[in-house]
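Asker: Structure incoming, see below.
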Amino acid sequence: KRANWSRDRLEAFRIAQRRLESFRSKESRSPRSTGGKTIATDPSGLYAVLGVSPDASGAEIKSAFKQAVFRSHPDVSSSQESGSKEANEKMKAILKAYQLLKDSNKRQMYDKYGIAD
């Protein structure tokens, strides 16, 4: 009976090990996901959306946000994509970037860990 217990324990260990290896390989392939929130792997992503450098001040971020909104707003933009789905998605990305970067605590977390959502 003890031999069966040892085999069961060994099998449980092997299953746990395979799950861990699978988790690690998925984690390294793409941006990580935690509870429905994506963690970006590129820390300059939100800065690029607004067109500022990572060492930009709060005033520079605010100014860049206003300019980006003026250029990209679906209702105001004179481009061909005015009112289109692409324009709406671009505007959402700009708003998300500004909301995260305007708050100093969230910005520090983003700079340190790359949390995007």
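Asker: How many of the residues in the stretch 32-64 are at positive phi and at pLDDT 85 or above?
Answerer: Here is the first cut: in the stretch 32-64, the ones at positive phi are 35-36, 51.
Subsequent filtering for residues that are at pLDDT 85 or above retains 51.
The number of residues fulfilling the criteria is 1.
Asker: Please work out which residue is most open to solvent (accessible area, probe 1.4 Å), limiting yourself to the stretch 53-78 and to residues that are touching a residue at least 40 places away in the same chain (Cβ under 8 Å) and under 19 Å from the mean Cα position of the chain (by Cα).
Answerer: Only one residue tops the list, namely Pro54.
Asker: Looking only at residues in the stretch 73-96 that are among the acidic types (Asp, Glu) and over 21 Å from Val52 (Cβ atoms), which one is modelled with the lowest pLDDT?
Answerer: Glu81
The values are calculated or read from the model by the stated rules, or taken from the named source; none is laboratory data. No experiment lies behind these values; they were computed from the predicted model shown. Because the Cβ atoms are built from the backbone with ideal geometry, glycine has one as well, and the counts that use them run over all protein chains shown. Keep in mind that these areas ignore ligands, DNA and RNA; they rest on the heavy atoms of the full protein, side chains included. Shrake-Rupley method; radii C 1.70, N 1.55, O 1.52, S 1.80 Å.
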